[in-house]
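Peer 1: To start, I am sharing the structure in question, which I have written as structure tokens.
The values are calculated or read from the model by the stated rules, or taken from the named source; none is laboratory data. Owing to the predicted nature of the structure, the values given are computational and were not obtained by experimental measurement. No Cβ is skipped: glycine too gets one built from the backbone with ideal geometry, and neighbour counts run over all protein chains shown.
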Amino acid sequence: MTIKEYNNTVDVFADGIFRFILKSLGEEESSNDIVQEAFLRLWDKRQNVGFKKAKAYLFTTAYHIMIDMIRKEKNKKKYVENADFDRHTRNDFSDLSEILNKAVARLPEIQRTVVMLRDYEGYSYQEIGEITKLNESQVKVYIYRARKVLKQYIGSMDVVI
């Protein structure tokens, strides 16, 4: 990959990777750090990664950096999030996108990742499998389960009203 191709890669893919990581983490500063680290790793491997494979390489690398960071944070804090959904905690939402974002944030990490790659970024099942190192069947199962939970959560009138 040439320097010009690398710079073009930064221009084309940086925003998409940032959105993906930001939706997963919800922290702008950490998301910026992950995007920067992904591009740094691409720069280090620029001789081995062609321009056509840069997008997949960047999303895969950013995803793995994010997972490593989440694992490190969990080890530091020594706590596990409660996966139980409490539907009746707040009824003061003003719009559906806010409800959807809160519902997506409550999904288990892998389900949130595959749903965001599929529904927000438009990746195919095969591409998601390559990024997350899952086979296509696993990707479909995680997406199905996530959508089922989202439908159940959002479908509750107590949450929407």
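Peer 1: So the check is Cβ under 8 Å with 6+ separation or different chains; which pairs have a first residue in the range 140-151 that's in contact (Cβ under 8 Å) with a residue 60 or more places away in the chain and a second one that's buried (at least 18 other Cβ atoms within 10 Å of the Cβ)?
Peer 2: Val149/Ala103; Val149/Leu107; Val149/Gln111
Peer 1: Filter the range 25-36 for residues that are surrounded by 15 or more Cβ atoms within 10 Å (Cβ to Cβ) and touching a Phe, Trp or Tyr at 6+ places or on another chain (Cβ under 8 Å) and give the result.
Peer 2: Within the range 25-36, Ser31, Val35 qualify.
Peer 1: It is to be established whether one or more residues within the range 144-153 are buried (at least 16 other Cβ atoms within 10 Å of the Cβ), outside any helix (DSSP H, G or I) and not small (Gly, Ala, Ser).
Peer 2: no
Peer 1: Those residues that are crowded, with 19+ Cβ neighbours inside 10 Å, of a type outside the set (Ser, Thr, Tyr) and within 12 Å of the chain's Cα centre (by Cα), I need them from the range 5-24; list them, please. Walk me through how you get there before you give the answer.
Peer 2: We begin by selecting, within the range 5-24, every residue crowded, with 19+ Cβ neighbours inside 10 Å; these are 9, 13, 17, 20-21, 23-24.
Now narrow it down to the ones that are of a type outside the set (Ser, Thr, Tyr): 13, 17, 20-21, 23.
Listed by number, the residues that qualify are Ile17, Phe20, Ile21, Lys23.
Peer 1: Any residue in the range 59-87 that's of a type in the set (Lys, Arg): show its pairings with residues that are loosely packed, with under 10 Cβ neighbours inside 10 Å and modelled with pLDDT under 80 at Cβ separation under 8 Å, as long as the two are six or more apart or on different chains.
Peer 2: Qualifying pairs under 8 Å: Lys74/Val80.
Peer 1: Can you tell me how many residues within the range 123-135 are more than 14 Å from Thr60 (Cβ to Cβ) and surrounded by 14 or more Cβ atoms within 10 Å (Cβ to Cβ)?
Peer 2: Filtering the range 123-135 for residues more than 14 Å from Thr60 (Cβ to Cβ) gives 124-125, 135.
With surrounded by 14 or more Cβ atoms within 10 Å (Cβ to Cβ) added as a condition, the list becomes 125.
Residues flagged as more than 14 Å from Thr60 (Cβ to Cβ) and surrounded by 14 or more Cβ atoms within 10 Å (Cβ to Cβ) within the range 123-135 amount to 1.
Peer 1: Looking for whichever is assigned by TED's automatic domain parsing to the domain that holds Thr9, at pLDDT 75 or above, more than 13 Å from the chain's Cα centre (by Cα) and of a type in the set (Asp, Glu) here; the options are Glu29, Glu98. Which one fits?
Peer 2: Values: Glu98 fails: assigned by TED's automatic domain parsing to the domain that holds Thr9.
Result of the check over Glu29, Glu98: Glu29.
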